[in-house]
Amino acid sequence: MLTVLFDGLAYGMLLFVLAVGLSVTLGLMNFINLAHGAFAMAGGYIAVVMMQKFGLSLFWGLPVAFVLTAALGAFLERTLYVHLYDKPHLDQVMFTIGLVFMSVAAVDYFMGASPQIVNVPASLEGHLDIGGLSFNKYRLFVIAFCALLTVALQLGLSKTRFGSRLRAAVDDARVARGLGINVTTIFALTFAFGSGLAGLGGALGSAIFSLDPQFPLKFMIYFLVVIAVGGTTTITGPFFASILLGVADVAGKYYRPEIAGYKIEIGGFVIYTIMVLVLIFRPQGLFGRAPGK
């Protein structure tokens, strides 16, 4: 049971870092960016290249993945995304879906279709015995790293001047501009930061997930489930939704019922059941605010 909780917590933490950037762009900027997984894949491949081609450790690959993916996000936001902010959501969906397939084709061409094998640093290999229990060192590192990042994000959005300006720009961009807030710059930095977080999550998860050109398509639904269950009005919602879904998914893979002599994996069934129930009884998400409140 503890193993399931531990692995589910590590998976949920990674899922949060991967999905929180989408929560920011969708919830705060009201932009549906289904290409968010492509930025996560970019971060994973950047970390792989740093380690395989340049001999850097994963510790160096993480900040490089964040910075380069954030820079890529800033470039695309200024050249492409900025023209879609005022368009209908269907246009945004079709545009970003197109970017997903373009990124899949590009990575398949330049990096190949085979899954990438990532070796964790020697200091994070093996297991750590605590109180008679054995924990994977890398997953412990992921949990600790993601927990610190979550706290920093929450404080940054709620306690800093930039966070208050972002909320003001989202609530009423015209009034925010009248108060001297550069809404264009705020949105560009926010989009770049969200993209960088996706890249950071992709780099962190490269040693756990299967990193291949189909990554954005495989995890797109997970990002959307996190947003649907947790809501988009806070950071807290996607965080707890990620933990809930991570534990549920891992538990569904560990405890597989046997039907007619076959072991059935029910992780996906559990996740989608949770999503459907939340959408029926709380369409705004477990931690989201209802419209008009």
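Observations
- Scanning segment 50-67 for residues that are buried (at least 18 other Cβ atoms within 10 Å of the Cβ) and more than 11 Å from Gly194 (Cα to Cα) yields Met50, Met51, Leu58, Gly61, Leu62, Val64, Ala65.
- Top-ranked residue of segment 197-243 - restricted to ones that are crowded, with 21+ Cβ neighbours inside 10 Å and hydroxyl-bearing (Ser, Thr, Tyr), ranked as nearest to Ala47 (Cα to Cα): Ser206
- Among the criteria (1) closer than 17 Å to Gln116 by Cβ; (2) assigned to a helix (DSSP H, G or I); (3) aliphatic (A, V, I, L, M); (4) without any contact (Cβ under 8 Å) to a residue 12 or more places away in the chain, the one Leu56 does not fulfil is (2).
- Residue in segment 130-149 that is part of a helix (DSSP H, G or I), free of Cβ contacts under 8 Å to residues at least 12 places away in the same chain and over 22 Å from Ala248 (Cβ atoms) present: yes
- For segment 3-23, the criterion of a residue being touching an Asp or Glu at 6+ places or on another chain (Cβ under 7 Å), aromatic (Phe, Trp, Tyr) and under 30 Å from Leu140 (Cβ atoms) is satisfied by at least one position.
- Checked against (1) in a helix (DSSP H, G or I); (2) exposed (fewer than 13 other Cβ atoms within 10 Å of the Cβ); (3) among the hydrophobic types (A, V, I, L, M, F, W, C), Val93 passes all but a single condition, namely (2).
- Residue in segment 197-214 that is modelled with pLDDT under 90 and β-branched (Val, Ile, Thr) present: yes
- Enumeration of residues in segment 271-293 that are touching a helix residue (DSSP H, G or I) at 6+ places or on another chain (Cβ under 9 Å), crowded, with 17+ Cβ neighbours inside 10 Å and at pLDDT 70 or above: Ile271, Ile274, Met275, Val278, Gly285, Leu286, Phe287
- Filter result for Val93 (within 24 Å of Met50 (Cα to Cα), out of contact with any Ser or Thr (no Cβ under 6 Å at 6 or more places or on another chain) and of a type in the set (A, V, I, L, M)): no
- Whichever residue in segment 110-129 is over 18 Å from Ala40 (Cα atoms) and assigned to a helix (DSSP H, G or I) and, among such residues, is modelled with the lowest pLDDT: Ala122
- Residues of segment 217-241 classified as more than 12 Å from the chain's Cα centre (by Cα), assigned to a helix (DSSP H, G or I) and more than 17 Å from Cys146 (Cα to Cα), total: 5
- Hey, Leu34 crowded, with 18+ Cβ neighbours inside 10 Å, in contact (Cβ under 8 Å) with a residue 12 or more places away in the chain, under 17 Å from the mean Cα position of the chain (by Cα) and part of a helix (DSSP H, G or I) or not: no
- On the stretch given as segment 151-190, residues that are touching a Ser or Thr at 6+ places or on another chain (Cβ under 9 Å), among the polar types (S, T, N, Q) and surrounded by 13 or more Cβ atoms within 10 Å (Cβ to Cβ) total 3.
The values are calculated or read from the model by the stated rules, or taken from the named source; none is laboratory data. What you see is a predicted model, and the numbers here were worked out from it, not measured in a lab. Cβ coordinates were reconstructed from backbone atoms using ideal geometry, including for glycine residues, and neighbour counts include every protein chain displayed.
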